[in-house]
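A.B. asks: The following block contains the structure, expressed as structure tokens.
Only the coordinates and a few stated rules stand behind these numbers; no lab work does. What you see is a predicted model, and the numbers here were worked out from it, not measured in a lab. All Cβ positions, even for glycine, are placed from backbone atoms using ideal geometry, and neighbour counts span all protein chains on display.
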């Protein structure tokens, strides 16, 4: 497996790769090496090797150790896995997210390994809210090259929205959604009057819409606070927004929290809100369902196909703070309805989104493509 980032930088990619690898090792006896970048965070270099699943899953953090957005670190990650991929005689090389496309494709060209690439999300279908940098057009061209024009033995999408686009460029593809570890969220925590957002504070997440929506209804829900867990490029701007609106005493920015603390934030919330303008298949949605917290989220790509409106959650149009505020007020005023959404969603995630099921589907792909090499 090749994954761009790893703990202590948290996100859907590392969780997916770790949980899938452990399930593949436990269920099918695979030995899995995960190659990722060594990261510097908060002045500390994270270069240690980790093992899971009785030593059958090994995580290798490849130097140089830099901050995530450091260009030297990002560019070097295109080549640092290659000596390992060439010399270790792997049966499968499975790349995830964006930059790992390069070593995955290269390994397929110079070794006998079969290649799999998982698309966790792409702006090539939506194009909105992803990147506000001056180099966004360059990144988009690279994304098109890596996702559409590189050859792999099999391509996986975590949602069905991408299949039409991918099908125009790849002949062997499938949809395998994310999973969730239900046991992780089985914690005993007293519920609070809190609305929770948990995720990266990035443009596509539209947390600014959530803050504006909360401001619109704050006087009508005086006992409820907004809790924002996560870090990202919009952090300072969002804090300034809350202060300017005069609600900074009720909007709590928790920053980056430990992996162990995350289930408690979900379990104690009255609502989880995800106002993104697009997603791949957000793990935070599955985590909220696993924690039995009601969900309000955007009616957009990567979300709408998984959420039944007023059955497993409540859908609102993107970039609509007024409608988002109305939805939150409705949910808080109707506890029986929101708890029904949560109960239905828990039943759904229990039946269809286990990591064991994801591993089984992935292993079938592995067996088929490996047999044709």
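A.B. asks: Which residue fluctuates most in the GNM of the chain (Cα springs below 10 Å): 38, 351, 304?
C.D. replies: Maximum among the listed residues: 351.
A.B. asks: Simple spin-label model, 7 Å along Cα-to-Cβ: residue 69 to residue 192 in nm?
C.D. replies: About 2.9 nm separates the two model spin labels.
A.B. asks: Next question, about the same structure. On alpha carbon coordinates alone, what is the Rg over Rh value for the chain, Rh being the Kirkwood radius? All intermediate terms of the calculation are to be shown ahead of the outcome.
C.D. replies: Values: Rg = 20.5 Å, Rh = 21.3 Å.
That ratio is 0.96, to two decimals.
A.B. asks: Now for a separate question. Could you give the angle, 0 to 90 degrees to the nearest 10, between helix 101-110's Cα long axis and the longest principal axis of the Cα atoms of the chain?
C.D. replies: The answer is roughly 20 degrees.
A.B. asks: How high is the relative contact order of the chain, in percent, counting Cα pairs under 8 Å that sit 6 or more residues apart? Intermediate values should be presented prior to the final figure.
C.D. replies: On the way: 716 pairs, mean separation 56.9, N = 373.
Relative contact order for the chain comes out at 15 percent.
A.B. asks: Compute the helix-to-body angle for 355-371: its Cα long axis versus the longest principal axis of the chain, expressed 0 to 90° and rounded to tens.
C.D. replies: 20
A.B. asks: Sticking with this structure for a sec: At R0 = 45 Å, how high is the FRET efficiency between residue 367 and residue 141 if r is their beta carbon distance? Nearest 0.05 is fine. Spell out each step's value before the answer.
C.D. replies: Numbers: r = 35 Å, r/R0 = 0.78.
Working from the Cβ atoms, E equals 0.80.
A.B. asks: A further question follows. Picking from 250, 37, 338, which is most flexible by a Gaussian network model of the chain using Cα springs under 10 Å?
C.D. replies: Looking only at 250, 37, 338, the largest GNM fluctuation is found for 250.
A.B. asks: Would you mind putting 41-51, 353-363, 61-71 in packing order, based on average other-beta-carbon counts within 10 Å, highest first?
C.D. replies: On the way: 41-51: 11.6, 353-363: 18.5, 61-71: 14.4.
Result, highest mean first: 353-363, 61-71, 41-51.
A.B. asks: How high is the relative contact order of the stretch 102-233? Use alpha-carbon pairs under 8 Å, at least six apart in sequence, and give a whole percent. Present the calculation step by step, with values, prior to reporting the outcome.
C.D. replies: Details: 132 pairs, mean separation 29.1, N = 132.
Taking the mean separation of contacting Cα pairs over the length of the stretch 102-233, I get 22 percent.
A.B. asks: Could you work out, for the stretch 182-352, what percent of all Cα-Cα pairs fall into each 5 Å distance bin, beginning at 0 Å and stopping at the bin that holds the largest distance?
C.D. replies: Histogram of Cα-Cα distances, whole percents per bin: 1, 9, 19, 24, 23, 15, 6, 1, 0.
A.B. asks: For the stretch 140-230, take the convex hull of the Cα atoms, compute a quarter of its surface area, and give me that in nm², please.
C.D. replies: Details: hull surface 37.2 nm².
If I average the Cα hull's projected area over directions, I get 9.3 nm².
A.B. asks: Could you state the angle between the C-alpha long axis of helix 321-333 and the longest principal axis of the C-alpha atoms of the chain, as a value from 0 to 90 degrees rounded to the nearest 10?
C.D. replies: Between the helix axis and the principal axis of the chain, the angle is about 70 degrees.
A.B. asks: I would also like to ask the following. In units of 2.2 N^0.38 Å, what is the alpha-carbon radius of gyration of the stretch 34-169? Present the calculation step by step, with values, prior to reporting the outcome.
C.D. replies: On the way: Rg = 15.8 Å, N = 136, 2.2 N^0.38 = 14.2 Å.
Compared with the compact-globule rule of thumb, the stretch 34-169 sits at 1.11.
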